[in-house]
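Chemist: First the structure, then my questions, so here it is.
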Amino acid sequence: MNVWQPESGETLLARTPVTFATGAAPHVRGMRWFRDAERHDIQHELAGWPDGPSFSPRSIGDTVAHRLLRGVAKVTGVTVMAALGAAGGNVSTPSSADAGSDMPSDPANEVDDFPVMWAAPGTVGRTLPWQLDPGRADQKHWRTHLIVTDLRVLVVQLPYDAKRLEAIDDEILWQIPRTEIAAVEPKYFKEGEDFTIAFTDGSWCRLSCRAQRQLARYLMRAPELLSVAELNLAQRKSLQDYGREIEMPSSVTPVITRNSCGHFNVDIHLPNRLTSAFGASEENVLLDEKGCDVDFSDYHLEDF
């Protein structure tokens with residue numbers, strides 16, 4: 001077994017499963033394309049990539065029929081849920097707190113077309129591994145994780161066994177220094193799980209993960225990391241108490257950043273919670289200058 005570890009002087013910030021995104025608008029639902037700067041399909045030009053599915057956007061007629069079928073299914077689902085609830089069943093509905101938006105921010109690339117790679121020849125975008133593509137990789141047996149550190153970004157592949165989620169055997173597929181990333185933008189259309197990474201050479205990709213907010217937070221900018229020694233006495237005491245509470249191993253170094261509002265964000269990655277299904281699960285605490293755990297009602301915008 002092989003669990004990827006940062007090098008000396010490097011700090012792990014986030015690790016989560018990712019794939020290339022999938023279209024959600026009726027015209028492109030379930031589809032994705034790999035494009036050059038002139039919007040030509042380039043998937044057959046990508047070195048070492050196996051054959052994958054070729055998609056064609058739905059016609060207006062197909063789109064209307066698809067919407068109708070989805071509407072019938074949705075109404076049927078609501079009716080069944082209501083019947084179960086009336087019968088006393090233990091039925092819960094998903095929270096809308098993390099829902100996306102029905103309004104596309106980029107119609108050309110979310111409604112009319114859905115590129116997940118936009119890359120001219122010789123650019124970074126074309127070096128991304130094919131294993132990120134759900135249309136090519138066997139996700140029943142393999143996963144791809146995006147790992148973010150303060151120095152670089154990596155994609156690793158690992159086996160997936162639903163009965164042994166803690167079994168990790170990483171293989172590095174791709175990596176770049178953070179200096180090659182120009183911008184990261186969360187995308188909220190439909191499910192709200194997508195984000196784009198734009199590279200300094202003009203290429204970009206669109207990826208999807210359930211932990212989009214956490215991942216984007218560390219991807220959008222390299223944070224200024226603080227050591228435990230830079231906290232004041234009260235903050236160190238609170239962190240020490242919290243570490244004992246969650247049984248933090250002595251080998252683990254908390255990721256500490258100061259938000260612009262003056263609060264201190266502490267993320268702690270516990271090795272025994274790393275799984276192939278969810279990546280690195282973290283414990284988090286937000287401290288104020290007095291070392292007190294900030295109540296959720298007192299969060300500032302920057303704390304999110």
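Any read-out appearing in this document is the output of simple, stated calculations on the displayed coordinates, not a laboratory observation. Remember, it's a predicted structure, so these values are computed and weren't measured experimentally. Because the Cβ atoms are built from the backbone with ideal geometry, glycine has one as well, and the counts that use them run over all protein chains shown.
Chemist: Once the Cβ-Cβ distance between Arg244 and Arg164 is put in as r, and R0 is 30 Å, what FRET efficiency do you end up with, to the nearest 0.05?
Modeler: Values: r = 30 Å, r/R0 = 0.99.
Calculated transfer efficiency: 0.50.
Chemist: Can you tell me the orientation of helix 233-245 relative to the chain, as the angle in degrees between its alpha-carbon axis and the longest Cα principal axis, to the nearest 10?
Modeler: 60 degrees
Chemist: Next question. Cross-link candidates for Lys163: which lysines have Cα within less than 27 Å, leaving aside residues fewer than 8 places away along the same chain?
Modeler: In chain and number order, the partners are Lys140.
Chemist: Regarding the chain, what whole-number volume in Å³ per residue does the convex hull of its Cα atoms give? Could the numbers behind the result be given before it?
Modeler: Numbers: hull volume 53.1 nm³, N = 304.
Taking the convex hull of the Cα positions in the chain, it is 175 Å³ per residue.
Chemist: Using only helices, what value at 222 nm comes out for the chain when you add -39,500 (n - 2.57) per DSSP H run of length 4 or more and divide by the total residues, to the nearest 500 deg cm²/dmol? Each step should come with its number before you reach the end.
Modeler: Details: 4 runs with 52 residues, N = 304.
After summing the helix terms and dividing by the residues of the chain, the value is -5500 deg cm²/dmol.
Chemist: So if I place +1 on the C-beta of Lys and Arg and -1 on the C-beta of Asp and Glu, and nothing else carries charge, what would the dipole magnitude of the stretch 225-303 be about its Cα centre? I want it in debye, nearest 20. Intermediate values should be presented prior to the final figure.
Modeler: Values: 6 positive and 14 negative charges, 65 e Å.
Around 320 debye, computed over the stretch 225-303.
Chemist: In whole angstrom, how far apart do the alpha carbon centroids of the stretch 239-262 and the stretch 108-142 sit?
Modeler: 36 Å
Chemist: Using 0.36 nm per residue of separation minus the Cα-Cα distance, give me the extension gain between Ser54 and Glu185 in nm, one decimal.
Modeler: Working: separation 131, 0.36 × 131 = 47.16 nm, distance 2.68 nm.
That works out to 44.5 nm of additional length.
Chemist: Using Cα positions and a limit of under 30 Å, work out the lysines in reach of Lys290, with same-chain residues fewer than 8 apart set aside.
Modeler: Lys290 reaches Lys237.
Chemist: Towards the positive end of the charge dipole of the chain, with charges on Cβ (+1 Lys, Arg; -1 Asp, Glu), say which of Leu207, Gly135, Ala167 has the farthest Cα.
Modeler: Checked the options; the winner is Gly135.
Chemist: How do the peptides 189-196, 150-157 rank, highest first, by the average count of neighbouring beta carbon atoms within 10 Å per residue? Show your work: numbers first, answer last.
Modeler: Working: 189-196: 20.5, 150-157: 18.8.
Top to bottom by mean Cβ count within 10 Å: 189-196, 150-157.
Chemist: Which is farthest toward the positive dipole end of the chain among Gln5, Ser105, Val155, measuring Cα position about the Cα centre, with Cβ charges +1 (Lys, Arg) and -1 (Asp, Glu)?
Modeler: Ser105
Chemist: Then there's this: Over the stretch 225-303, with a single point scatterer placed on each C-alpha, what log10 of the ratio I(q)/I(0) does the Debye formula yield at q = 0.16 1/Å?
Modeler: Once normalised to I(0) and log-transformed, intensities are -0.60.
Chemist: Continuing with this model, one more query. Place a +1 charge on the Cβ of each Lys and Arg in the chain and a -1 charge on the Cβ of each Asp and Glu, then give the dipole magnitude about the Cα centre in debye, rounded to the nearest 20.
Modeler: Values: 30 positive and 43 negative charges, 167 e Å.
Dipole magnitude for the chain comes out near 800 debye.
Chemist: Cα centroid distance between the stretch 183-226 and the stretch 280-301, in Å?
Modeler: Their Cα centres are 23 Å away from one another.
Chemist: What residues from the stretch 1-32 fall in the zone where the backbone N is under 13 Å from a label point 7 Å along the Cα-to-C-beta line of Leu151?
Modeler: Within reach of a label on Leu151, which here means backbone N under 13 Å from a point 7 Å along Cα→Cβ, the stretch 1-32 contributes 5-13.
Chemist: Between Leu173 and Asn284, what is the FRET efficiency for a Förster distance of 30 Å, r being their Cβ-Cβ separation, to the nearest 0.05? Don't jump to the answer; show the numbers that get you there.
Modeler: On the way: r = 28 Å, r/R0 = 0.95.
Working from the Cβ atoms, E equals 0.60.
Chemist: Roughly what angle does helix 60-86 make with the longest principal axis of the chain, taking Cα atoms, 0 to 90 degrees, to the nearest 10?
Modeler: 50 degrees
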